[in-house]
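Chemist: Structure incoming, see below.
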Amino acid sequence: MWSIRSSTVCCGIRVHERPDAHRAVAAGMLAIVSATPEENATLVASLTGVTTREYGRRHYHVGSYRSVEVVVVFSRMGKVAAAATAAQLLASFPVSALVFSGVAGAVRAGLAIGDVVVGTELLQHDMDATPLFPRYEVPLCGTDRFVAAAPLRARLRQAAEEFLRQDLHSAVAAAELAAFKIRAPRVSEGMIVSGDKFFASSAELDELRQRLPLALCVEMEGAAVAQVCDEYAVPFGIVRVISDAADETAVHDFPRFSREIARHYSTGILARFAQRL
Ligand code: ADE
């Protein structure tokens, strides 16, 4: 028989004193979605009391992560994959907040590989139903952007800053930091743009910068997940680490960064995020 000694609710997420108490409560889970298998596998390995359910070729792992009830899933890449995963997740589990962690290509000049971006608003850069709707507006949603929840954003930012200041050099091998010239990475907050395109060309990157001057970084899932969260009225936060410059070098940097470094950032940031709940 399970009994909960004590629990609190923070950002709508239930946090227990007992690390395995997620089994006793059927509400208020934190969903953590990743777009790379490496990040997902590392997170799943650090859960306790894991049970797994499979829907639509996705594995939803329920467990306890630093005393927080979580459901963790690998979405795969692209807007359709991410939206399908998020919709199934929110329909099947009692989720009160969703955090998406992953990598992104830099758009804003000055952002470097290893910097972290916390999304304030998410926009689909490839949405274009003109002339029926204004450019970027999501048909019948009445908006072109979805806004991340302020409390989640604030905690993600604090967690990322602490990670960079205190954990980065023990979490990531010095040789990898040197290979990517990661010296004094910073955290920024701003617009993240998403679409079904991997940017690996300076000309296309310049064109994106001109079209969307507020964009800090580009990835392939966030705005789709944000739209699903909006439709299910579930608050979301998105944190991305810059893996590449979204130009011709991206084809080399993205796979190496995703393989060797991304998971250390995401687990480090999410561990500190969970401590703050
Ligand atoms: N995710 C990481 N790097 C990216 C890029 N260059 N384009 C789109 N999505 C990305």
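A short reminder: the numbers here are calculations on the coordinates, not readings from a lab. Just so it is clear, the model here is predicted, and its values are computed rather than measured. Because the Cβ atoms are built from the backbone with ideal geometry, glycine has one as well, and the counts that use them run over all protein chains shown.
Chemist: Mind listing just one residue for me: the one in the stretch 221-259 that is part of a loop (DSSP other than H, G, I, E, B) and surrounded by 24 or more Cβ atoms within 10 Å (Cβ to Cβ) and, of those, farthest from the ligand (Cβ to nearest atom)?
Modeler: GLU221
Chemist: Is there a residue being within 13 Å of the ligand (Cβ to nearest atom) and not in a strand (DSSP E or B) anywhere in the stretch 116-127?
Modeler: yes
Chemist: Report yes if ALA45 is within 19 Å of GLY268 (Cβ to Cβ), surrounded by fewer than 15 Cβ atoms within 10 Å (Cβ to Cβ) and of a type in the set (Gly, Ala, Ser), otherwise no.
Modeler: yes
Chemist: Inside the stretch 45-55, can you point out the residues that are in a strand (DSSP E or B) and out of contact with any Pro (no Cβ under 6 Å at 6 or more places or on another chain)?
Modeler: GLY49, VAL50, THR51, THR52, ARG53, GLU54, TYR55, listed by residue number.
Chemist: If we keep just the residues of the stretch 146-173 that are under 16 Å from the mean Cα position of the chain (by Cα) and not in a helix (DSSP H, G or I), which is surrounded by the fewest Cβ atoms within 10 Å (Cβ to Cβ)?
Modeler: Only one residue tops the list, namely VAL147.
Chemist: I would also like to ask the following. Residues that are more than 16 Å from the ligand (Cβ to nearest atom), assigned to a helix (DSSP H, G or I), of a type in the set (A, V, I, L, M, F, W, C) and closer than 26 Å to ARG76 by Cα: does the stretch 183-191 have at least one?
Modeler: No - not one qualifying residue is present in the stretch 183-191.
Chemist: Do we find a residue being surrounded by 15 or more Cβ atoms within 10 Å (Cβ to Cβ) and part of a helix (DSSP H, G or I) anywhere in the stretch 130-143?
Modeler: No, because not a single residue in the stretch 130-143 is surrounded by 15 or more Cβ atoms within 10 Å (Cβ to Cβ) and part of a helix (DSSP H, G or I).
Chemist: What residue, of PHE74, PHE146, is in contact with a helix residue (DSSP H, G or I) (Cβ under 7 Å, 6 or more places away or on another chain), in contact (Cβ under 8 Å) with a residue 24 or more places away in the chain and within 16 Å of the ligand (Cβ to nearest atom)?
Modeler: PHE74
Chemist: Further question on the same structure: Any idea which of (1) touching a residue at least 40 places away in the same chain (Cβ under 8 Å); (2) part of a strand (DSSP E or B) is the one THR42 doesn't satisfy?
Modeler: The failed condition is (2).
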